[in-house]
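Input: a single structure, listed below in structure tokens.
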Amino acid sequence: MLVVEAKGLKKYYDGVKAVDGLDLEIREGEIYGLLGPNGAGKTTTILILLGLTEPTAGEVKVLGYNPTREALKVKRLTGYLPENLGFYDDLSARENLRYIASLNRIPEREARGKIQEVLELVGLADVADRKVGTFSRGMKQRLGIAEVLLKDPRFVILDEPTSGIDPEGARQILDMITRLREERKMTILISSHLLHQIQRVCDRVGIIHRGKLVAQGSLGELSAVMEKGTHLFELKVSEVTDELLAKLRAIDGVVSVDAEGDTVRIEARDDVRPQVSRAVLESGVDLLELKGHAYTLEEVYLRYFQE
Amino acid sequence: MSAVFWKELADHLGSKRFIIFFFLILIVGGASAYLAAQSLSGTKTSPDYIYLNLFTQGAGGLPSFLGFISFFGPLIGVILGFDAINSEFNRGTVSRVLSQPIYRDWWINGKFLAGITALGIAVASIVLIITGLGLYMLGFPPGGAEISRIAMFVVISVVYLGFWLSLGILFSIIFRQTATSALASIAVWLFFTLFLYMLAGLIADQIAPIKPGVAPDVFVKHESIRDLVLRFSPVALYEEATTAILIPQYRGLGLAALLKEASIPTSPLPLGQSLLIVWPQLVGLVALTSICFAISYVIFMRREIRST
Ligand SMILES: Nc1ncnc2c1ncn2[C@@H]1O[C@H](COP(=O)(O)OP(=O)(O)OP(=O)(O)O)[C@@H](O)[C@H]1O
Ligand SMILES: [Mg+2]
């Protein structure tokens, strides 16, 4: 069963296309990483999944329900860790959790045991009665995870769970997430802008850029794509000849050449446009058009994910 | 909704601003009631409804308890509401709360009910303390009619404060900054407590100017126009309603009505009659509150919940 099924999702803020035709499928039991630079539309996508904002267009189903019209059903089954999470600072950690438990109508007696259990799980049991105002960022983040677990969700959404956390703290949080998936059989969506940090825990990742999903798959699949080529070019010529194709293939850095009608598609590891136009001239056909593809995965990757 | 209610109620009752206001009203109300009781215990001429005087009679430069509530009550109601929603946005708690399975209107309603309960507890206990003070100073207990009028006064006061609370909550939804919503609330408060009275006078002067030697019916018209304008003010509605409840002789609202009935000797009306007189005012207050709620719902139901 698909936990998230989104088709053609769009969210426009007067003029800004925060999410622009996103298709997303998350399978039951997997950890899915939603990766993208700042402003890519990760948070907006998550808000749509939770019914916290309405999409401009497109269809979404979360656990089989429509988040806009059946928000309560989605929220009953889904745990959400927002990106800038805040607590009631003048209440203790335990009191904060007790409030959330009561909003979920968990009976008082049951809640008491559960709160203790999740606090122990995230390692906050000793400070449970301290005011949250005195907590460090990392402690608040762990308290947020405890809160998410309180309602035994089937689906968990974590928006940048490691942002602002030191590497050791981030590692602990990610370990906790993998452990939870094993023990509780939950489906987990993690958003992040740090590929190297979360790639370890994700079964599949989707790369989102300017509101579009530009690549999706397991890390193996994605890196296979990356190996192949980093630059894409499209070429229109008056006639596709074998000589032309042979010359194009011979260019240093070209990975593959495909012809279809009068169009030739070239994948290369470098910007080979000068060599390509020379090859066209040398083989005696006319060059009608040469354009570079809008993006390549490598560009997205390099620019944003390997800082 | 009960979860929201209990949390918010505990927040209010423990908050500094609530405690400060509680003691402020208690001190002012207690002092003016004390002075009123002192002047009353000497006379003993009209034992009828003497307890009500504790609330309507100002003394020694202090406003009466009634006057104090009608002027400062709005501030108290607004202060419990002006940061109800926007502070949750600013603290980043709104995303956590609204990702739980609760309806957004429950959240607003829970906050409103908690606020109005806190106000009710405050007003009722202060009125009880004042009545107790009266018992001590006057030396005889209030009659049944007095008790029911005082209870009615408490109810109307809570409805009045409830309107201001709902206005504060509305502003806390409209404005993202708590400072802005506080300022907007104070502006509305000043408008209704000060400017509208001036404005009503101005409008009446325009339509039915009073010159020396003018016919009495022009005078009546002037006053009824003034009253009509003031009918839109929750402050005026409250003053009319509580005057009718606390001054049993009172039979019509506004000077115009009083003039018409000036020839009839005034005897106290039964509570039911007084209630009939104030019914429109009560309905008006509740209607104003409902308008605030309706606007709040419309704005908040579809708003994006993003903590930034
Ligand atoms: N209320 C809004 N009005 C206008 N534009 C908005 C609004 N909210 C978000 N945006 C824009 O939508 C785009 C996507 O924002 P979003 O918060 O989804 O990004 P993100 O991927 O979560 O980024 P980050 O890594 O910084 O959290 C951004 O360009 C942002 O400026
Ligand atoms: Mg984000």
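Every number here is computed from the coordinates shown, using simple stated rules; none is lab data. Since we're looking at a predicted model, the values are computed, not measured. All Cβ positions, glycine included, derive from the backbone under ideal geometry; neighbour counts span all protein chains shown.
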#### Entry: Of the DSSP H helices in chain B, those whose Cα atoms cover at least 27 Å axially and whose Kyte score averages -0.5 or more
B:16-43, B:104-138, B:144-174, B:271-301
### Query
Tell me, in nm to one decimal, what length is gained between A:Arg249 and A:Asp166 on full extension, where the rule is 0.36 nm per residue of separation less the Cα-Cα distance?
25.2 nm
## Note on the structure
In the structure shown, of A:Lys61/A:Lys212; A:Lys73/A:Lys114; A:Lys151/B:Lys7; A:Lys185/B:Lys111; A:Lys10/A:Lys185, the pairs separated by more than 28 angstrom at the C-alpha atoms are A:Lys185/B:Lys111; A:Lys10/A:Lys185
### Message
Per DSSP helix of 4 or more residues, -39500 (n - 2.57); summed, then divided by the residues of chain B. What does that give at 222 nm, rounded to the nearest 500?
### Response
-25500 deg cm²/dmol
### Task
Counting residues in region A:82-207 as N, plug N into 2.2 N^0.38 Å and put the Cα Rg over that result.
1.04
## Note on the structure
Simple spin-label estimate for A:Arg137/B:Arg302, 7 Å along Cα→Cβ, in nm, reads 3.7 nm
### Linear extension gain, B:Leu190 paired with B:Ile203, 0.36 nm per residue minus alpha-carbon span
2.8 nm
### Message
Rounded to two decimal places and with Rh computed the Kirkwood way over Cα pairs, what is Rg over Rh for region A:2-217?
### Response
0.96
### Within straight-line cross-link reach of A:Lys7, aspartates and glutamates at Cα separation under 19 Å, skipping those fewer than 8 residues along the same chain
A:Asp20, A:Asp23, A:Glu25, A:Glu28, A:Glu54, A:Glu59, A:Glu70
#### Entry: Unit charges at the beta carbon, dipole of the protein assembly as shown: most positive-side option, B:Pro216, B:Phe293, A:Gly36
B:Pro216
### Message
What's the magnitude of the charge dipole for the protein assembly as shown around its Cα centre, counting Lys and Arg as +1 and Asp and Glu as -1 at the beta-carbon? Answer in Debye, nearest 20.
### Response
1920 debye
#### Entry: Positive minus negative residues near A:Arg76 (Lys, Arg vs Asp, Glu; Cβ under 13 Å)
+3
### Task
Determine how many Å³ per residue the convex hull of the Cα atoms of chain B encloses.
153 Å³
### Amide N proximity, region B:113-153 versus A:Asp90 label position 7 Å along Cα-to-Cβ, cut-off under 16 Å
B:115, B:118-119
### Summary
Under the 7 Å Cα-to-Cβ spin-label approximation, B:Ala145 and B:Leu13 lie apart by a distance in nanometres of 3.6 nm
### Query
How much of the DSSP beta bridge set in the protein assembly as shown is antiparallel, as a percent to the nearest 5?
70 percent
### Task
With only Lys, Arg, Asp and Glu charged, each at its Cβ (+1 for the first two, -1 for the last two), find how big the charge dipole of chain A is about the Cα centre; round to the nearest 20 debye.
1400 debye
### Message
I'd like the orientation of helix A:167-184 relative to chain A: the angle between its Cα long axis and the longest Cα principal axis, in ° from 0 to 90, rounded to 10.
### Response
80 degrees
### Query
Which whole number of Å³ per residue matches the convex hull of the alpha-carbon atoms in the protein assembly as shown?
217 Å³
### Query
Taking the Cα centre of chain B as the origin and placing charges on Cβ (Lys, Arg +1; Asp, Glu -1), which of B:Gly61, B:Pro74, B:Ile108 is farthest toward the positive end of the dipole?
B:Ile108
### Task
Using only atoms on other chains, find how many Cβ atoms lie within 10 Å of each Cβ of peptide B:88-95 and report the average.
5
### Task
Just tell me how shielded B:299-308 is by partners: mean number of partner chain Cβ atoms within 10 Å of each residue's Cβ, no decimals.
4
### Message
Within region A:202-221, list the residues whose amide N lies under 16 Å from a label point set 7 Å along Cα→Cβ of A:Arg273.
### Response
none
### Rg ratio (alpha-carbon, reference 2.2 N^0.38 Å) - region A:1-112
1.22
### Query
Given Cα pairs under 8 Å that are at least 6 residues apart, what percent is the relative contact order of chain B?
23 percent
### Message
Kirkwood Rh and Cα-based Rg: tell me the resulting Rg over Rh for region A:172-272, rounded to two decimals.
### Response
1.18
### Query
Summing -39500 (n - 2.57) over the DSSP H runs of n ≥ 4 in chain A and dividing by its residue number, what mean residue ellipticity at 222 nm do you reach, to the nearest 500 deg cm²/dmol?
-11000 deg cm²/dmol
### Task
Starting from the Cα of A:Glu260, step 7 Å along the direction of its Cβ; do the same at A:Leu219; then give the gap between the two resulting points in nm.
3.2 nm
